[in-house]
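A quick write-up on the structure given underneath.
The values are calculated or read from the model by the stated rules, or taken from the named source; none is laboratory data. These numbers were taken from a predicted model, which means no experiment stands behind them. We place every Cβ from the backbone using ideal geometry, glycine too, and count neighbours over all the protein chains shown.
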């Protein structure tokens, strides 16, 4: 089965799992050079390794996430576990936070909905909160997948489908 035949949310889940696997294996993200992929020259690969996030930043956010996506400003941002991955017509951002409460997550979901995002919850495990959703369709679409564990850890994945 080709990757394009899989639903967008399934693709997000698979790609996030790949990034988590790469990070957990101790692979060091390869920083993207100034000027982006074009600065790599003709030898650049079509797929790229995870890119180290910029240092600091208000709310622990990664550069390049569209402004319509509200910043997650709760808990402590874990820059060593967060990454940006360019995958052809999509860019995935994986952000990790600790010290987050369920109330923080519910407030953030409300902020997403206020910006026009569809946000669907799937809370299979007591104490955990899982949600996914999107804004728009096709090129320019922004999708998210968020998991909160009762111990206060949040994994937030953002996928941006690039416009041609």
Take the stretch 123-164 and flag every residue that is part of a strand (DSSP E or B), more than 16 Å from residue 109 (Cα to Cα) and out of contact with any helix residue (DSSP H, G or I) (no Cβ under 6 Å at 6 or more places or on another chain). 160, 161
Condition broken by residue 63, with the remaining ones in (1) over 12 Å from the mean Cα position of the chain (by Cα); (2) part of a loop (DSSP other than H, G, I, E, B); (3) surrounded by fewer than 18 Cβ atoms within 10 Å (Cβ to Cβ); (4) at pLDDT below 95 satisfied: (1)
Flag for residue 116 being modelled with pLDDT under 95 and part of a loop (DSSP other than H, G, I, E, B): no
When residue 80 is evaluated against the numbered criteria (1) touching a strand residue (DSSP E or B) at 6+ places or on another chain (Cβ under 6 Å); (2) surrounded by fewer than 18 Cβ atoms within 10 Å (Cβ to Cβ), which criterion, by number, is the only one it fails? (1)
Filter the stretch 138-153 for residues that are more than 18 Å from residue 98 (Cβ to Cβ) and free of Cβ contacts under 8 Å to residues at least 60 places away in the same chain; the one that is surrounded by the most Cβ atoms within 10 Å (Cβ to Cβ) is 140
Residue 75 buried (at least 16 other Cβ atoms within 10 Å of the Cβ), over 17 Å from residue 142 (Cα atoms), touching a strand residue (DSSP E or B) at 6+ places or on another chain (Cβ under 7 Å) and in contact (Cβ under 8 Å) with a residue 24 or more places away in the chain: yes
